[in-house]
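Here's the structure, in structure tokens; my notes come after.
Read-outs: derived from the displayed coordinates by stated rules, not from any lab. Just so it is clear, the model here is predicted, and its values are computed rather than measured. All Cβ positions, glycine included, derive from the backbone under ideal geometry; neighbour counts span all protein chains shown.
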Ligand SMILES: Nc1ncnc2c1ncn2[C@@H]1O[C@H](COP(=O)(O)OP(=O)(O)O)[C@@H](O)[C@H]1O
Ligand SMILES: [Mg+2]
């Protein structure tokens, strides 16, 4: 996306699949990662992210499908010939080698001359902010430092693609945010394509140019974080990414402004609903999209009326819980604006063409 | 004990001081009997031997001590002794090399297999490991004997008769057979502990399989390789049963020579030789710790099969084919002798011949109806149970004390001392304890033998118990205290219950150690009733009767049953734990 | 925590107590010495021959004794007298009867004060041939060390003297020798083969004997126990060698092996039964000696299977009193006319040196 199409590291996986003893770990997934892009595979644990990543790395052989890097089919190319870098969740640093030797490892294999090697190691240690730790052994480093060594080691030989499998999973929250940003910075500076696996959506949002949401060995949807958040294709993506309120409805018609859906006795115009021709849908409205008022503001459609059951001040927002005809929902309001009192009956509405529709019977 | 801090985090009153001194007292109360035991049955024996080695004629006179280094001078001035020393060293080196050459590919091959196949192959190594060495040597003598199957095959194939028994080659084969399981288990434990991701990481950086094997995989095994090699080298250096039974007069080693000298009261030179072995052992130990960082022969106590990972699946390659072939050789060397006792036990003839003539189970009946065997079976059982009970008691107490110690240095010291009896040369311990028990009038008694066996069995029990106690959650214990349980009660119902499988394992391992032990038992049993291995050993020396293979078969069967039951129980426990984890 | 400790110790102690209780069943009860004639309990027998020899003793002489007195004899087999010496010197002796494999062992023990005198008021030593008993023991189980061969291996010419062991052309095949020079007649045989006269054997010229043995060292299979000696013949490890006559008889009579022997240039030597000083059941042991000497029938029954008579020589007994088939193997009467009595005094003096020199030679 950001890099020129001529740069290295375009990865295309088409229809790759893998079964373990009959149960499917990866079900014919296809992705296309642009050169220089930061692409994230996001999904709950067990959804097949690692499997797909390892197939791209050549660490697992797919039973179906093909993998190509820079338009060369590498499906049967052994890992060591793919010219990639891989960061393992547990880092897999060589415990018998120092930090510098770990970084140097891939360079030695490529028979890089020793002065060039030393220069590159210094450069990498600089890049990963590890200067001065080159002579330490991995066991003498903190988790965050180890993580950066793993990253530096994967980048040292200038791989076409950097593959990262939950590299921040073992770290605590604060460190994760710092290091996440750093990973993105290093990737940008190193100008490589990155495919990043995580189950943490915050991480995915912060880092990714684009991302693919996975579930049960399948890729559910691919897009930029914003696309996925605003326009989920199905119930899973809608609920997995952030919080949402679901209002069951029936599709009435599709207009140029969007798809009209009947919720209770009101008609709501949502985003165009293209991916499925199901008529039973949920209208997904994010808490911050939900407007709580006595009357429907202009440019909005009424969803439903509801009673406020709870209201809490959470600093950045005021979360209001509402009960509406058997549906529990919550809205995030501006804490500095008017806040309804508990027990008050109000009307819920949403901006026209902003809510998303997802098929109801998503298995 | 030290978890006092957990219950009273803020020392506001004088209570913690009181607690601390009480805990200290309790710790010493636990430690003192153990300390006394080790001083009497480990330190004193070695000290006696040291003193004898430094006294003229090997007779130390406490009233008028006289010291001389003549005995040691003789060790290096006498051509014949130099010959024996050289031979011993050569045997130890050769058997260490051969054993490692076989054990490494075997352990590697097994570590690359699927869990189920790996468990099966491990069983094939564990069963011979737990079968007493004298039983296996009995089979080996039958196999190597001039009318044994090997020689018969050689003659039938036209190669003419082979000389196998009572030769250097025979001793080497026997020693390798004895050492193989130790090395395989140590290496296997090391190999399954290697993170597969390291190999994968090397690959992602462009390393070829050979490169990642030598530069990444092998360095991870450094500790196991050195520890295992040290263990088997020390065992090979001082093991005396194999050369005594399989060697001719020209295959004498230091250990055999020591036994002979003790037989003719030459305590001086025998003691000096024992001390020589001890020095060699200590030097090797220090060397290994220097090189490898630590001595950690894990896996010998308990080893669990771990399946190969999906990322590094089993693949046939030339190296793998070689490993497979060597694995077959290894398993044949280990398993064939163990199986060989069965056909021998059912022949009708009054002398043991191969192939057996006729079929009868009479010998088994005789085993259970004549005092010749009932006595030894009872003796072995009593000594084994006594040793196991005492070893578990020591193991629990010692583990309790060390788990409360914070200082890693102290832990290392206590751990190292506790393990010293295991790497002390067996023959040295045997003559030392023999000497001490003579003075204590314990030789020939059941108690004397139990105490001696405990010296070598307790360290194993301690290892198992302390490992699982360290892994156990001490918070649980503190939680029980907060619920009002007394400390004693907590210890038994929470701590011990929590590690019950390891306590049982510690009991089993101590029992088997005693049940199989032959060197100490040989020296210490002056009474009429001897333990099973010693009885078999005597028959191997003085001539086999047909009940010997019958007893051997029974012992093998017993081990198979125990090992299989343990394996099944372990896997059930593991599966249940996995299921629980999945639910959680 | 204190409680924990004491509990632990109690657990340990109680298991120890259980062990003691169990083990005391198998340990022989030390009996109070009772008056002559009123004996009971058990005699623990420090036995250095073991195997078939003890089994036969138990079936004949010891059984008769037990039947008459109720005193049992329990076997404690040890391959050498060493452990007896070690224990006796440390002052703990559980045995009441000891079998010394050689006269010189017994003499050493007597010299060191480790033995109790034979009570001649009980034991009828006058029934024994002079010189086959001493103050401290009676000689038993004379064993012959004879030239023996597989009769099928040499169908034509038969070996007749020790020199034939060195004649590899006429008598090919491996040679069997005991790897203990004293009980194996090894050095004596070499000297006899080298032309030393039988009456000039002692003191042994060990260097000369070993030089002679060097000639055939590569053809020797060494045996280390009686059972192994005949096994070696039976499994083809050797065709000719020096064997104990009683074992040769076992091979022939029990295993049907075509074993043949000659007493010519053979050696013979005696073992000794003694009672250790401070034996727990000495009175019963004195009675046992008396009983065995008087039990002539039992002696014949024993020697019919194991041709090493106990006691060694009874005045009233001649070879003709034994069954025909065993007579050729008995180390008595005309059999031993061409044989040599081993010089136990020589070995008493020189055993350590001879053994050391021999072990060095054989171990190289
Ligand atoms: N070695 C294996 N054997 C059997 N099943 C496996 C194995 N590895 C992974 N799986 C299964 O494949 C699925 C996908 O796993 P994985 O790719 O590791 O998921 P993720 O990385 O998204 O957590 C899971 O259901 C997992 O149980
Ligand atoms: Mg994963």
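Figures for the structure shown
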{"read-out": "The range B:197-212 versus the range B:21-49: alpha-carbon centroid distance in Å", "value": "50 Å"}
{"read-out": "Shape box of the range B:207-357 [Cα atoms, principal axes, largest first, Å]", "value": "62, 52, 28"}
{"read-out": "FRET efficiency estimate (nearest 0.05) - Cβ-Cβ, residue C:264 to residue C:360, R0 51 angstrom", "value": "0.95"}
{"read-out": "Helix axis angle, C:344-362 relative to chain C longest principal axis, alpha carbon, degrees", "value": "70 degrees"}
{"read-out": "Value in Å of the Kirkwood radius, where the range C:133-185 supplies the Cα pairs that are averaged", "value": "13.6 Å"}
{"read-out": "Solvent-free Debye scattering, log10 I(q)/I(0), computed from the Cα coordinates of the range A:1-147 at q = 0.11, 0.17, 0.19 Å⁻¹", "value": "-0.55, -1.11, -1.21"}
{"read-out": "Normalised contact order of the range A:235-362, rounded percent, pairs of Cα under 8 Å and 6 or more residues apart", "value": "31 percent"}
{"read-out": "Along each principal axis, Cα extent of the protein assembly as shown, largest first, Å", "value": "141, 74, 60"}
{"read-out": "Approximate spin-label separation residue C:208-residue B:290, in nm, with each point projected 7 Å along Cα-to-Cβ", "value": "5.5 nm"}
{"read-out": "10 Å Cβ neighbours from other chains, averaged over peptide B:536-545", "value": "5"}
{"read-out": "Cα centroid separation, the range C:203-230 to the range B:491-506 (Å)", "value": "59 Å"}
{"read-out": "Modelled FRET efficiency - R0 25 Å, residue B:335 with residue B:90, Cβ distances, 0.05 increments", "value": "0.35"}
{"read-out": "Shielding by partners - mean other protein chain Cβ count within 10 Å, residues of C:87-98", "value": "3"}
{"read-out": "Relative packing of peptides C:183-194, A:24-35 - highest average C-beta neighbours within 10 Å first", "value": "C:183-194, A:24-35"}
{"read-out": "Averaged over A:78-84, number of beta-carbon atoms from partner chains that fall within 10 Å", "value": "5"}
{"read-out": "At 1.306 mPa s and 10 °C, Stokes diffusion of chain A via Kirkwood alpha-carbon radius, µm² per second", "value": "70 µm²/s"}
{"read-out": "Whole-angstrom Cα spans of chain B along principal axes, big to small", "value": "86, 71, 52"}
{"read-out": "Share, in percent, of DSSP beta bridges within the protein assembly as shown that are antiparallel, nearest 5", "value": "70 percent"}
{"read-out": "Helical contribution to [θ] at 222 nm, DSSP H n ≥ 4, -39,500 (n - 2.57), averaged over the protein assembly as shown, rounded to 500", "value": "-16000 deg cm²/dmol"}
{"read-out": "Alpha-carbon centroids, the range B:510-532 and the range C:267-303: separation in whole Å", "value": "30 Å"}
{"read-out": "When the range B:122-189 is reduced to its Cα atoms, the Kirkwood hydrodynamic radius in Å", "value": "13.2 Å"}
{"read-out": "Ordering of B:244-250, A:302-308 by burial proxy (mean other Cβ atoms within 10 Å per residue, highest first)", "value": "B:244-250, A:302-308"}
{"read-out": "Approximate shape of the range B:62-129 as ellipsoid semi-axes (Cα gyration tensor, √5λ), whole Å, largest first", "value": "46, 17, 8"}
{"read-out": "Degrees separating the helix A:143-155 axis from the principal Cα axis of chain A, which is the longest one", "value": "70 degrees"}
{"read-out": "Percentage relative contact order, the range A:11-230, counting C-alpha pairs under 8 Å, at least six apart", "value": "30 percent"}
{"read-out": "FRET efficiency, 1/(1 + (r/R0)^6) with R0 35 Å, evaluated for residue B:101 and residue B:557 via beta carbons", "value": "0.65"}
{"read-out": "Relative contact order [Cα under 8 Å, 6+ residues apart], chain B, whole percent", "value": "21 percent"}
{"read-out": "Rounded tilt (10° steps) of A:99-109 against the dominant C-alpha axis of chain A", "value": "70 degrees"}
{"read-out": "Label-point gap, in nm, between residue A:206 and residue C:151 - each point 7 angstrom along Cα→Cβ", "value": "10.0 nm"}
{"read-out": "Per-peptide average of other Cβ atoms within 10 Å, ordering B:316-326, B:86-96 highest first", "value": "B:86-96, B:316-326"}
{"read-out": "Computed over the range B:72-334, the ratio Rg/Rh where both radii use C-alpha atoms and Rh is Kirkwood", "value": "1.02"}
{"read-out": "The range A:11-230: antiparallel DSSP beta bridges as a percent of all, rounded to 5", "value": "50 percent"}
{"read-out": "The range A:253-363: Rg to Rh, with Rh as the Kirkwood radius over Cα pairs", "value": "0.99"}
